[in-house]
Amino acid sequence: MGDRAFERLMASVDAPLVVVTTVAEGERAGCLVGFHSQASIGPQRYCLWLSKANHTYRVALRATAFAVHFLAGDDLALAERFGTRSGEDTDKFAGLDLVHHEQGVPLLVDCAHRMLLERIALLDDGGDHVCVTARVRSSGCPGPFTPLRVGDAAHLDPGHDSEERAVHP
């Protein structure tokens, strides 16, 4: 199967978008993520893949707790904020309503569909993303929602290209 076929398959799946937030040693970070999935029913596990080009990846290397905020169809502005800016030179959280989890993870008040995760492992298989496998510590879903999907945000330019890896294999 060629690269184009893979791209067509992934475009057809059109995954939901999430904003992942974390904190390590007082440094908070967050980014838009399209690669994420439930990984186990019992015990509850969730995986997310972070781009090695992102500031969030570098913070995540030292972090143990994460929040996954599921974006609704009308959350394009949050997708743009967390997907097109770099945390290296921008405070993506400035001006947002936040609360902080007991471990300091910033929670976006306007995104009540979320999970709090505890990192179990990081897997770096040499690709442009690293997998974070995590325990689900808590989750919130105040009701059904229509997710914002990758296709809805395809016009956004990322804050970093995937080739701008902090670490090369």
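Annotations
- Matching residues in the range 52-71 - criterion: being out of contact with any Leu (no Cβ under 6 Å at 6 or more places or on another chain) and closer than 21 Å to PHE145 by Cα: VAL68, PHE70
- Looking only at the range 25-39, and only at residues there that are assigned to a strand (DSSP E or B) and among the small types (Gly, Ala, Ser), the one that is surrounded by the most Cβ atoms within 10 Å (Cβ to Cβ): GLY30
- Of the residues making up the range 33-45, those that are closer than 21 Å to ALA112 by Cα and either under 12 Å from the mean Cα position of the chain (by Cα) or without any contact (Cβ under 8 Å) to a residue 40 or more places away in the chain (or both) number 6.
- Unique match (being touching a strand residue (DSSP E or B) at 6+ places or on another chain (Cβ under 8 Å), surrounded by fewer than 18 Cβ atoms within 10 Å (Cβ to Cβ) and of a type outside the set (A, V, I, L, M, F, W, C)) among THR22, THR64, THR56: THR64
- Residue check for ALA24: at pLDDT below 95 and more than 14 Å from VAL132 (Cα to Cα): no
- Selection within the range 2-24: residues that are outside any helix (DSSP H, G or I) and of a type in the set (S, T, N, Q). The member of this set that is nearest to LEU78 (Cα to Cα) is THR21.
The values are calculated or read from the model by the stated rules, or taken from the named source; none is laboratory data. None of the values given here were measured: they were computed from a predicted structure. Neighbour counts are summed over all protein chains in view; Cβ atoms, including those assigned to glycine, are modelled from backbone coordinates with ideal geometry.
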